[in-house]
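Below is one structure, written out as structure tokens, with a few remarks after it.
Quick note: the coordinates plus some simple rules give every number you see, no bench work behind them. Predicted model only: the values in this text are computed from it and were never measured. We place every Cβ from the backbone using ideal geometry, glycine too, and count neighbours over all the protein chains shown.
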Amino acid sequence: MKDSMDILVISEQTDDKSPTRLTLELLGLGRRLAAENNGRVGAVVLGEGADIASRELAERGADLVYFLDNPALSRYNPEVWATLLESLLRRNPASLMLAGHTSLGQDLLPRLAFSLGAGLVTDCVEIRWDGSFLFTKPVYGGNAVAGIKVLTPLALATVRARVGEALPPSSPGGELIPIDQDPPQETRLTVKDRHYLEAGECPLEEARVVVSGGRGMGGEEGFEVLRELARLLGGAVGASRPPVDAGWVPSTCQVGITGKVVAPALYVAVAISGSSQHLSGMGDSGKIVAINKDPEAYIFKVSDYGVVGDWREVLPAFLSKLRELASA
Ligand SMILES: Cc1cc2nc3c(=O)[nH]c(=O)nc-3n(C[C@H](O)[C@H](O)[C@H](O)COP(=O)(O)OP(=O)(O)OC[C@H]3O[C@@H](n4cnc5c(N)ncnc54)[C@H](O)[C@@H]3O)c2cc1C
């Protein structure tokens with residue numbers, strides 16, 4: 001078997017070292033595209049305990065999984081990741097490399113595209129094979145979509161959640177190939193500080209339920225109520241931009257065109273008006289529930305369910321019903 005493939009998916013792992021839901025979706029997408037152009041799909045896993053995710057990816061659609069299990073890779077460092085991936089790609093040329101449109105994907109792929117002289121499309125909502133890859137991404141705050149073809153032999157793309165479909169486990173699995181290279185010791189970039197989620201908190205991009213608050217929450221205390229709601233629903237807390245600008249919540253909570261793109265099964269928008277900049281970060285959610293005191297708020301036009309009312313009155317009733325259901 002030759003050591004090259006046409007499509008390579010960069011894996012991200014959860015704290016328990018499994019591949020993230022988005023990684024499995026990308027693998028499903030890669031599998032479909034590879035089948036259409038008679039190619040193969042591979043995955044690359046970097047991290048401490050990388051063999052765990054590698055085995056799962058090999059069972060869930062990857063023909064080949066390159067992995068490097070090393071304690072020096074326990075936390076993401078852009079220079080280290082880029083160096084390892086660049087040399088992997090030079091040894092094993094691919095025609096398409098996929099990563100999630102996550103903080104890591106948005107940081108890593110531009111670096112790789114630059115060093116490899118490859119074309120890059122970020123924030124893809126569709127990728128098709130049409131004799132060459134055709135990428136679709138939202139533009140103008142999500143008010144239009146652009147179709148893009150990349151002319152370099154290798155194309156790189158970051159892809160939103162729910163664009164691909166995760167495949168069920170199947171056997172025999174793909175081949176596992178350890179990467180025979182040590183992570184670089186010397187880097188120009190030093191990571192000085194890291195902020196972690198609280199125990200039990202779920203990363204926004206991975207959450208099945210996102211409860212977001214807007215300017216109308218009025219302050220940090222309003223977000224305490226949303227945290228309780230998110231906890232009861234097993235989800236994560238997000239925000240529109242004004243609460244981030246006001247310092248009520250960290251910038252990692254921001255959903256939208258200059259924040260995170262999420263696509264949970266359920267998105268609850270509380271006191272958010274529904275600007276195009278916000279909608280472009282959550283418009284692909286499964287079901288959208290809006291709570292807003294203004295019946296004319298645009299968010300109701302894109303919601304599946306809407307409650308017109310002050311969140312101070314609506315949420316306590318909602319929370320007490322949820323507590324009742326949780327204890328039943
Ligand atoms: C370049 C650029 C990038 C941007 N990027 C982003 C981005 O990534 N994400 C983002 O979200 N925004 C972004 N914005 C800002 C965006 O344009 C909007 O200003 C912002 O989304 C509005 O946030 P909001 O809905 O919380 O606030 P508002 O538009 O002020 O809406 C507040 C809503 O709360 C309701 N409300 C008030 N009090 C209550 C109450 N007690 N109970 C119930 N409802 C209540 C009001 O009726 C209103 O609908 C960006 C803007 C620019 C120019």
*Normalise the Cα radius of gyration of the chain by 2.2 N^0.38 Å (N = residues in it) and let me know the number.*
1.05
_Dipole moment magnitude, nearest 20 debye, the range 204-327 about Cα centre, only Lys, Arg, Asp, Glu C-beta charged_ = 160
*Along the charge dipole of the chain, which of Asn92, Asn77, Ile127 sits closest to the positive end, that is, farthest toward it, with unit charges on the beta carbon of Lys, Arg, Asp and Glu (+1, +1, -1, -1)?*
Ile127
*By average C-beta atoms within 10 angstrom, highest first, the peptides 149-161, 71-83*: 149-161, 71-83
*asked:* I'd like the Karplus ³J(HN,Hα) series for the range 295-310: coefficients 6.51, -1.76, 1.60, θ = phi - 60°, whole numbers in Hz, and an x wherever there's a Gly or Pro.
replied: x, 8, 4, 4, 3, 5, 6, 10, 9, 7, 9, x, 10, 8, x, 6
*Which entries of Lys17/Lys287; Lys293/Lys321; Lys137/Lys287 show an alpha-carbon separation above 26 angstrom in the structure shown?*
Lys17/Lys287
*How big is the antiparallel share of DSSP beta bridges in the range 1-138, given as a percent to the nearest 5?*
30
*GNM, the chain, Cα, under 10 Å: largest mean-square fluctuation among Gln277, Gln181, Gln106?*
Gln181
*Using only Cα atoms, tell me the angle between helix 78-91 and the longest principal axis of the chain; keep it within 0 to 90° and round to the nearest 10.*
40
*Which angle from 0 to 90°, rounded to the nearest 10, does the C-alpha axis of helix 220-233 make with the longest principal axis of the chain?*
70
*By how many degrees, 0 to 90 and rounded to 10, does the Cα axis of helix 311-327 deviate from the longest principal axis of the chain?*
70
_Normalised contact order of the chain, rounded percent, pairs of Cα under 8 Å and 6 or more residues apart_ = 14
*asked:* Can you give me the long-range amide H partners of Met97? Hydrogens built in the peptide plane at 1.01 Å from N, cutoff under 5 Å, separation of 5 or more residues or another chain.
replied: Leu8, Ala155, Leu156, Ala157
*Considering only the chain, percent of DSSP beta bridges that pair antiparallel, nearest 5*: 20
*Under a 10 Å cutoff between Cα atoms, tell me which one of Lys293, Lys260, Lys301 has the largest fluctuation in the Gaussian network model of the chain.*
Lys301
*At 20 °C and 1.002 mPa s, grab the translational diffusion coefficient of the range 146-298 from Stokes-Einstein with a Kirkwood Rh over Cα pairs, rounded to a whole number in µm² per second.*
118
